[in-house]
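Shown next, in structure tokens, is the structure this report addresses.
The values are calculated or read from the model by the stated rules, or taken from the named source; none is laboratory data. Just so we're clear, the structure is a prediction, and the values are computed from it rather than from any experiment. Every residue, glycine among them, receives a Cβ derived from its backbone with ideal geometry; neighbour counts consider all protein chains shown.
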């Protein structure tokens, strides 16, 4: 039985990933800042919860009191803003949760991970292209991809892999925030705002969290043992 860790596991993509691995028979631990969300995500599954902030070095270290076979750095956040309106505090907080959090998670994971280990970062199509009003988020996610590609080369001879999943807009709270923001900004209804959000996806829809979870399960499988340093787009053809 593999031991699997998912950061940001209380909601959205992280919750779907945790459920996917737990349903596959893995021993899953989810990490997040909100204990209530973690407990709700774990309900009905054999999932362990740990409260921690991935931007805090000490809290991340405490989570790895035992080693994990699969570690998925999913915790992330972003607030749309033009670069001219982005404060230093906004910039630093965006890099902290998306990039530094992934660095701290992976660095700690490597201390106990052995051959066959899997490191997976939940990045974004923003890791592969820029976008108006998301400079801080895109910069952080580009950094995540650089980290993944570099680490993949470091650990390859140890029989471990490191990959990134780059979803487009996923049907989560982050997408809902973007939709409601457009509704307020342009005084439009939800359907029109949703259409604007998914306009970059040739399939014209939001990605289901379970689709990202299925991708993570594959990257952690024996069949993906030679997939290393890859940025796998789950975006309906956007990338």
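Brief remarks follow.
- Output for the stretch 80-117, where each listed residue is touching a residue at least 40 places away in the same chain (Cβ under 8 Å), under 19 Å from the mean Cα position of the chain (by Cα) and more than 13 Å from residue 139 (Cα to Cα): 101, 102, 103, 104, 105, 106, 108, 109, 110, 117
- Per the listing 175, 138, the residue uniquely modelled with pLDDT under 95, assigned to a helix (DSSP H, G or I) and within 17 Å of the chain's Cα centre (by Cα) is 175.
- Residue that is touching a residue at least 40 places away in the same chain (Cβ under 8 Å), within 19 Å of the chain's Cα centre (by Cα), part of a loop (DSSP other than H, G, I, E, B) and over 16 Å from residue 213 (Cα atoms), where the choices are 54, 60: 54
- Residue selected from the stretch 118-133 under the condition buried (at least 22 other Cβ atoms within 10 Å of the Cβ) and not in a helix (DSSP H, G or I), by the criterion farthest from the chain's Cα centre (by Cα): 118
Yes or no, residue by residue, for (1) in contact (Cβ under 8 Å) with a residue 12 or more places away in the chain; (2) surrounded by 19 or more Cβ atoms within 10 Å (Cβ to Cβ); (3) within 16 Å of the chain's Cα centre (by Cα):
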site: 20; (1), (2), (3): yes, yes, yes
site: 25; (1), (2), (3): yes, no, no
site: 42; (1), (2), (3): yes, yes, no
site: 46; (1), (2), (3): yes, no, no
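- Among residues of the stretch 215-239, those that are under 18 Å from the mean Cα position of the chain (by Cα), surrounded by 15 or more Cβ atoms within 10 Å (Cβ to Cβ) and in a helix (DSSP H, G or I), counted: 4
- Search result, residues across the stretch 153-172 that are assigned to a helix (DSSP H, G or I), surrounded by 11 or more Cβ atoms within 10 Å (Cβ to Cβ) and without any contact (Cβ under 8 Å) to a residue 40 or more places away in the chain: 154
- Residue in the stretch 72-79 that is farther than 24 Å from residue 217 by Cα, surrounded by 18 or more Cβ atoms within 10 Å (Cβ to Cβ) and in contact with a strand residue (DSSP E or B) (Cβ under 7 Å, 6 or more places away or on another chain) present: yes
- The criterion of at least 2 residues that are modelled with pLDDT of 95 or more and more than 16 Å from residue 213 (Cβ to Cβ) is met by the following strands (runs of 3 or more DSSP E) wholly inside the stretch 1-51: 27-32, 47-51.
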